[in-house]
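Undergrad: Input: one structure, supplied below.
Read the figures in this text as sums done on the coordinates, not as results from a lab. Bear in mind that the values here come from a model prediction, so they are computed numbers and not experimental data. Cβ atoms come from the backbone with ideal geometry, glycine included; neighbour counts cover every protein chain shown.
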Amino acid sequence: MLRPARVSRRRALILGASVAATAAAAPVTASAAPVPAADNRRYPGYAAQDWAEPFSRFMAEHTAPPQDAVTLACSSGPTSADRIPDFAAWTEDLAPTGYSAVETGYGYSASGAVWVAVRTEMPRVTAAMWDWWFGWHSSDSARYKLWHPDAHLFSELHTDHGAVAMPDRARYVGNISYVDEYIGPELQQLAIAFLDPAAHGFVVPADHTVVLGRVGSSIAPIDLGWLAHQVRPVPGGSEMRSRFYLGRYGLHAPEPVHIARAIERGAVADPGDLVPDLDMARELMLHCGQEMNHLAQFLPELHEQFRRTP
């Protein structure tokens, strides 16, 4: 069930005013895309036009529960810092072989970053299906909601490649996904820039994938941290090993048009969300565990039916 975002009217007004000022002051560059023609409404679930989509039969009333390891980690409390790999070692943590001391958990690393790890078992699923999914879903909120029906509200791409023929990875690597979603009770407006994992030190064999992203705000020029989802084959299917390091800040420059569209949908994020804590980490672990397990249950059928659909 969706819960209302915990944000006061005062904070929303302050944030909205500061973001509007940022958008007004930001120069429009030659590379800035025109305002996309896509529907900019943010709403839970499916509307009538969404149910008319051919993939709507995969939309569930609610998201499937996470796997048992996530439920156990939620009730066990945070992982101690001495068991958490430092961010500098995360490419070794997500090596093509082997496992870490903790595959599902959350906590603070020794350097103070908020860390989340989730391992998801995915029978019948391949890494190639996930590359297709990341290249296919972000252009359409109705597709995005298939992933987590209870929490996903809106999605659009910086560059929608449409029907242009290209490899699946090329559709999302180098692109930015703008999403509005609940992480626990908090509604987040995020800009996730997907990057080439090999260029950042990851080893990715041909039958694996690593989805690497820089996580930022879509309404302020702030990067919040990093995510990586490694998918590698195991007997009967594959496993996903997800990692998040938050609180590793930086700056980015969202296109003014996308800041404006995010504000138009309603700038509701709490400024406190820009300082991740253990509550957010636990909620993110649960969210990740839910969405990955949920989609994996029907991804083979979805991929088979729509892999040739732009």
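Undergrad: Quick one: putting +1 on the C-beta of Lys and Arg, -1 on the C-beta of Asp and Glu, what dipole do you get for the chain around its Cα centre, in Debye to the nearest 20?
TA: 420 debye
Undergrad: When the helix-only estimate is applied to the chain (DSSP H runs of n ≥ 4, each -39,500 (n - 2.57), divided by the residue count), what is the mean residue ellipticity at 222 nm, nearest 500 deg cm²/dmol?
TA: Numbers: 10 runs with 92 residues, N = 310.
-8500 deg cm²/dmol, from helical runs alone.
Undergrad: Specify which residue in the list PRO205, VAL275, HIS287 is farthest towards the positive end of the charge dipole of the range 161-310, using unit charges on the beta carbon of Lys, Arg (+1) and Asp, Glu (-1), about the Cα centre.
TA: It is PRO205.
Undergrad: When the dipole is taken about the Cα centre of the range 245-310, and only Lys, Arg (+1) and Asp, Glu (-1) are charged at their Cβ, what size is it in debye, to the nearest 20? Intermediate values should be presented prior to the final figure.
TA: Details: 6 positive and 10 negative charges, 58 e Å.
Its charge dipole is roughly 280 debye.
Undergrad: Another question, if that's okay. Please name which of GLY162, ALA101, SER141 has its Cα lying farthest along the dipole of the range 77-187 towards the positive end, using unit charges on Cβ (Lys, Arg +1; Asp, Glu -1) and the Cα centre as origin.
TA: GLY162
Undergrad: So, one more: What helices in the chain pass both tests, a Cα length along the helix axis of 18 Å or more and a mean Kyte hydropathy of -1.0 or higher, using whole DSSP H runs?
TA: 9-25, 278-296
Undergrad: Given the peptides 255-266, 60-71, arrange them by the average over their residues of other C-beta atoms within 10 Å, most packed first.
TA: Going from most to least packed, we get 255-266, 60-71.
Undergrad: So, with +1 on the Cβ of K and R and -1 on the Cβ of D and E, and no other charges, what is the size of the charge dipole of the range 177-271 about its Cα centre, to the nearest 20 debye?
TA: 220 debye
Undergrad: For the chain, what does the relative contact order come out to in percent, with C-alpha contacts under 8 Å and a separation of six or more?
TA: Result for the chain is 27 percent.
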